[in-house]
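As structure tokens, the structure follows; a few thoughts come after it.
The values are calculated or read from the model by the stated rules, or taken from the named source; none is laboratory data. Quantities reported herein were computed from a predicted structural model and do not represent experimental measurements. FYI the Cβ positions are ideal-geometry reconstructions off the backbone, even for glycines, and counts take in every protein chain you see. Surface areas here come from the heavy atoms of the whole protein model, side chains and all, with no ligands, DNA or RNA. Shrake-Rupley method; radii C 1.70, N 1.55, O 1.52, S 1.80 Å.
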Amino acid sequence: MKPPTEFGPRPWQQTSWDARAATNFILGGTGTGLLVAAACFFAPQAGWRVLAALGLVSVAGGLGAVWFELGRPWRFANVALNPRTSWMTREAYASGFVFAFGAAAVATGAAWPAWLAALAALAFVYCQSRMLRAAKGIPAWRVRELTPFIVTTGLAEGTGLALALAPALAGGAPRWVGAFFLAVVVGRIGAWLAYLGAASRHAAPRARAGLEAAGRHVVVLGTVIPVVAAAVAFALPAVAAVALALGGLAALAAGWRAKHAIVLRAGFNQGFALPALPVRGAR
Amino acid sequence: MTRWAMTVDLRRCVGCQTCTAACRTANATPPGVQWRRVLDMEVGEYPEVRRAFVPVGCMHCDDPPCMHVCPSTATRKRADGIVTIDYDLCIGCAYCALACPYQARYRADEPRYAYGEPTPPEEARLDRGRLGVATKCTFCVERIDAGLAAGKTPGVDPEATPACVNSCISQALQFGDLDDPQGKVAGLLATHRHFRMHEELGTGPGVYYLWDRADG
């Protein structure tokens, strides 16, 4: 018998966080991306405040979903007690700034609170990525390549949603938003491939399978369709709004699919392993 | 300094689960919550099959990831190395359960009973403060503290020793002060080859697994 180097029960899927927690990452990323897009690309164009308000609603929806997952929801304020080491606490603080500056921007229409809200939104989504990475018990989450993906997908989803909503809410999108969208979609696929490679080195086979299944959507739905849509938009200005809207929705759907897979399909622990077996009896 | 630690002699453990039962009795954990478990690992293929019984639970790490991620500071580490949970602070976010590489943490949201309806002992020992919050092995910290206050020595005197260690029929589990060079734990580590679970993660577990003599 070939001597094995490690022995142990196989990893199993975590059950501590369910769809409610995944919703926090899904809506949180989209909301922050939408807020960034509204503040940086649409203000002071008509309708940017609606986009910003929708971003706030999305972030709030995510936090509301995770609130329902707490075992002691009425103690939620205790989440603020450990800014020294907990990325969950830092996420909560960042959300406070997002809502404070975002609400001020929506209420007043002023640009500076919108920019500050966008900065806070970037901090928020960064904290979300670090929350996952700090979960040391989940090999597919604790890789540093996860952060660029979570941040870029938030931006891609938010910008994509803004492009989809712009014709109705903001009278269309400035032409260079499409260029930014294209750049962030390309950046996201790079981040995804880097993440997939890193996660695959550590994660359980079933976790890898879950990520690879989602990866196909990130490639086709989240990259190919938006890139084609952006190309059509640049080549045919007459249909640019529709093309970018479709590309934006595709990018949004792919981001949601990927985050769902990361939290709920790739959340396998590493099981237990013995580097050596007990030596019993006579030698 | 004192650093409470446990050794598990994998050569001695027979997988009887007495430690599991003792823990559940001592700590009144509900069905589905096992602060002390014994894994039954089977390795290889017939006829070259090896088997190992591996008691696991909270490793009371030197650098506990559960403590770092805890947003409420409910999880703390005492100076003597024991990782504790303040049930009154915990919000039940279960983040610690994901951060723990040893699957040592549980959250029960409602009372659970072995036979559906509560038996009188289950009813008497139900602690609603432990519902909806994270729970895990405490190294029987109350016994240790009470024992020390009474002048007893943890790992030597049963009154000051974790229930699982007291109950172990083969003395596979031992407990003591890692920093005491004359102590039982330090002695076992000096005379045996050992490892800690998932050492590569840098958590510094306080549970050591012995698997052979040092001169083996």
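Consider segment A:125-139 and keep the residues that are under 17 Å from A:GLY255 (Cα atoms) and open to solvent by less than 10 Å² (accessible area, probe 1.4 Å). The one that is nearest to the other protein chains (Cβ to nearest Cβ) is A:LEU132. Scanning segment B:128-141 for residues that are within 25 Å of B:LEU173 (Cβ to Cβ) and out of contact with any Cys (no Cβ under 7 Å at 6 or more places or on another chain) turns up B:ARG130, B:THR135, B:THR138, B:PHE139, B:CYS140, B:VAL141. Flag set for A:VAL239, criterion: free of Cβ contacts under 8 Å to residues at least 60 places away in the same chain and over 12 Å from A:GLY160 (Cα atoms).
Each row is one residue, and each column tells you yes or no for (1) within 12 Å of chain B (Cβ to nearest Cβ); (2) closer than 30 Å to B:GLU42 by Cα; (3) touching a strand residue (DSSP E or B) at 6+ places or on another chain (Cβ under 6 Å); (4) free of Cβ contacts under 8 Å to residues at least 60 places away in the same chain.
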site	(1), (2), (3), (4)
A:ALA250	no, no, no, no
A:ARG257	no, no, no, yes
A:HIS260	no, no, no, no
A:ALA266	no, yes, no, no
A:LEU274	yes, yes, yes, no
A:PRO278	yes, yes, yes, yes
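Residues that are more than 9 Å from B:HIS60 (Cβ to Cβ), in contact (Cβ under 8 Å) with a residue 60 or more places away in the chain and of a type outside the set (S, T, N, Q) within segment B:4-16 comprise B:VAL8, B:ASP9, B:LEU10, B:ARG11, B:ARG12, B:CYS13, B:VAL14, B:CYS16, listed in sequence order.
The residue that is nearest to the other protein chains (Cβ to nearest Cβ), counting only those in segment A:66-85 that are in contact (Cβ under 8 Å) with a residue 24 or more places away in the chain and not β-branched (Val, Ile, Thr), is A:GLU69. Would you call B:PRO205 within 14 Å of chain A (Cβ to nearest Cβ), surrounded by 21 or more Cβ atoms within 10 Å (Cβ to Cβ) and part of a loop (DSSP other than H, G, I, E, B)? When the stated conditions are applied, B:PRO205 passes them. Applying the criterion of being assigned to a loop (DSSP other than H, G, I, E, B), open to solvent by 10 Å² or more (accessible area, probe 1.4 Å) and out of contact with any strand residue (DSSP E or B) (no Cβ under 6 Å at 6 or more places or on another chain) to the residues of segment B:89-107, the residue that is modelled with the lowest pLDDT is B:GLN103. Scan segment B:183-202 for residues that are of a type outside the set (Asp, Glu) and in a helix (DSSP H, G or I) and the total you get is 9.
To keep it simple, each residue is scored yes or no on (1) modelled with pLDDT of 95 or more; (2) closer than 23 Å to B:CYS168 by Cβ; (3) open to solvent by 40 Å² or more (accessible area, probe 1.4 Å); (4) more than 10 Å from every other protein chain (Cβ to nearest Cβ).
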position: B:CYS23; (1), (2), (3), (4): yes, yes, no, yes
position: B:GLU48; (1), (2), (3), (4): no, no, yes, no
position: B:ARG51; (1), (2), (3), (4): no, yes, yes, no
position: B:VAL54; (1), (2), (3), (4): yes, yes, no, no
position: B:CYS66; (1), (2), (3), (4): yes, no, no, no
position: B:VAL69; (1), (2), (3), (4): yes, no, no, no
position: B:ALA74; (1), (2), (3), (4): yes, no, no, no
position: B:ASP80; (1), (2), (3), (4): yes, yes, no, yes
position: B:ILE85; (1), (2), (3), (4): yes, no, no, yes
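Looking only at residues of segment B:172-201 that are open to solvent by 50 Å² or more (accessible area, probe 1.4 Å) and within 12 Å of chain A (Cβ to nearest Cβ), we find that the one that is nearest to B:GLY81 (Cα to Cα) is B:GLU199. For segment A:68-99: of the residues being among the charged types (D, E, K, R) and in a loop (DSSP other than H, G, I, E, B), which is surrounded by the fewest Cβ atoms within 10 Å (Cβ to Cβ)? If we take residues in segment A:68-99 being among the charged types (D, E, K, R) and in a loop (DSSP other than H, G, I, E, B), then A:ARG84 is surrounded by the fewest Cβ atoms within 10 Å (Cβ to Cβ).
Among the residues that make up segment B:109-125, is at least one of them surrounded by fewer than 19 Cβ atoms within 10 Å (Cβ to Cβ), farther than 30 Å from B:VAL8 by Cβ and within 22 Å of the chain's Cα centre (by Cα)? Yes, segment B:109-125 has at least one match.
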